[in-house]
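The values are calculated or read from the model by the stated rules, or taken from the named source; none is laboratory data. Here the structure is a predicted model, which means the values were calculated and not measured. Because the Cβ atoms are built from the backbone with ideal geometry, glycine has one as well, and the counts that use them run over all protein chains shown.
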Amino acid sequence: MPVITSAGAVPSTLDALNTELVTKATALAPGLTTTLPGSLIEDLSSTGTGALSVQDQAAVDLINSVSPLSANEFILYELGDVYGVRRGVGSNTSVYVIFSGTPGFVIPSGFVVSDGTHQYVTQDPAIISGSGNSAPTFCLAVDEGSWAIPATSVTVLVTSVPSTVVLNCSNPGTGIPGEAAQSLPAYQAQVIQAGLAVATGTPKFVKTAIENVANVQARLVSMRATGGGWQIIVGGGDPYQVAGAIFASMFNFLDLKPAATIGTTENIAINDFPDTYEITFVVPTQQSVGMTITWNTVSTANFVSNAVIISLVQPAMVAYINSITVGQPISLLQLQDVFIAAVAGAIPESALSKLQFVVTINGITVAPPSGGVLIAGDPEGFFFAVTADIAVVQG
């Protein structure tokens, strides 16, 4: 058997192979002598050692082919398929296709479409959104080479779909002509890079997939461990596309939890033929924030009107409130820092003699716990403010 070292598999020496062969033969025939020169047994022993050497080297080559840098082309392509990267990405002719049809239907990675002459393969899964269309989906030509792809020419579905599903495709724009064929070393490096990706199903991977959906706001995405499962909160984006991102990246759909407080539960049916899965996530609820800021100064060197302070403070406060991640609290310390930074050009921090904040959420005055500085909202809500609700008063 090959010897596994830090450098990979290495072949056994001829002496080691011969010793192993003789040991096993002697166990079957005690007293066997293989050292007599020119004897039939010695000849069989030498020939058998040669055969074992060929087999041992074949095993070494196979084991070492697991590495992208040493794999033969067939094994390399297999590794590329496992990691989700096909040779030719970035060099083969490609086109963006929009699928239309039954909402919730999943177009898997590897789905084949055609312009009647060439075939193109989807590189990532797509889903039909509630509008009846998918997002533009990148498709790569099966063949190497360069050719023009006119708009609306890729309309043939090569991969079959169930009769219960309506599905069409078209490319709204022209395709991207290919370049020179991708070299083997370049593809080896691409496979290695793909293998370094974070494993599917981790919270980071799931959130990244969701944030890639058009119109999803990153600050409104959260994934929390709760009640023996996971609650995924998503604000923005088409519900079907959000559900499709969760479907493509989540590990166990049974772990998904509905809203428990003020959020809205979305249950989206994903049709991955022949099976249908229900994907549950929570749409956060907006919590309107109002604020009265009372300030004063001991400075008499330069008079600054309250109107000037209002113009400086209101947009800064709105920007802070509207940047808070879903479920996270408002910090009184952060409010102070925002105010001081906003008026720094008009009033030095050392000249401020008074700075108080009264905060309301949905019209109700709220305050942090005694001795605290954090004002919490609902964990399934997000804060939102407009300048009209930020009052700035000198007094």
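Numerical summary
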item	result
Qualifying residue in segment 144-157 (condition: within 29 Å of the chain's Cα centre (by Cα), on the phi < 0 side of the Ramachandran plot and at pLDDT below 95)	yes
Within segment 174-208, tally of residues that are at pLDDT below 75, small (Gly, Ala, Ser) and part of a helix (DSSP H, G or I)	2
Near pairs, Cβ below 7 angstrom, 6+ apart or cross-chain, from segment 319-331 (more than 20 Å from residue 341 (Cα to Cα)) to any residue that is assigned to a loop (DSSP other than H, G, I, E, B) and of a type in the set (A, V, I, L, M, F, W, C)	329/376
Residue 33 being modelled with pLDDT under 80 and of a type outside the set (A, V, I, L, M)	yes
Strands (runs of 3 or more DSSP E) fully within segment 293-385 counting 2 or more residues that are among the aliphatic types (A, V, I, L, M), within 40 Å of the chain's Cα centre (by Cα) and surrounded by fewer than 17 Cβ atoms within 10 Å (Cβ to Cβ)	364-366
Residue 250 being under 24 Å from the mean Cα position of the chain (by Cα) and surrounded by 14 or more Cβ atoms within 10 Å (Cβ to Cβ)	yes
Residue match in segment 274-285 (condition: part of a strand (DSSP E or B), under 19 Å from residue 385 (Cα atoms) and either touching a residue at least 24 places away in the same chain (Cβ under 8 Å) or touching a Phe, Trp or Tyr at 6+ places or on another chain (Cβ under 8 Å) (or both))	yes
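For every residue, the table says whether it meets (1) under 21 Å from residue 324 (Cα atoms); (2) not in a strand (DSSP E or B).
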| residue | (1), (2) |
| --- | --- |
| 213 | yes, yes |
| 220 | yes, no |
| 224 | yes, no |
| 234 | yes, no |
| 241 | no, yes |
| 251 | no, yes |
| 258 | no, yes |
| 262 | yes, yes |
| 265 | no, no |
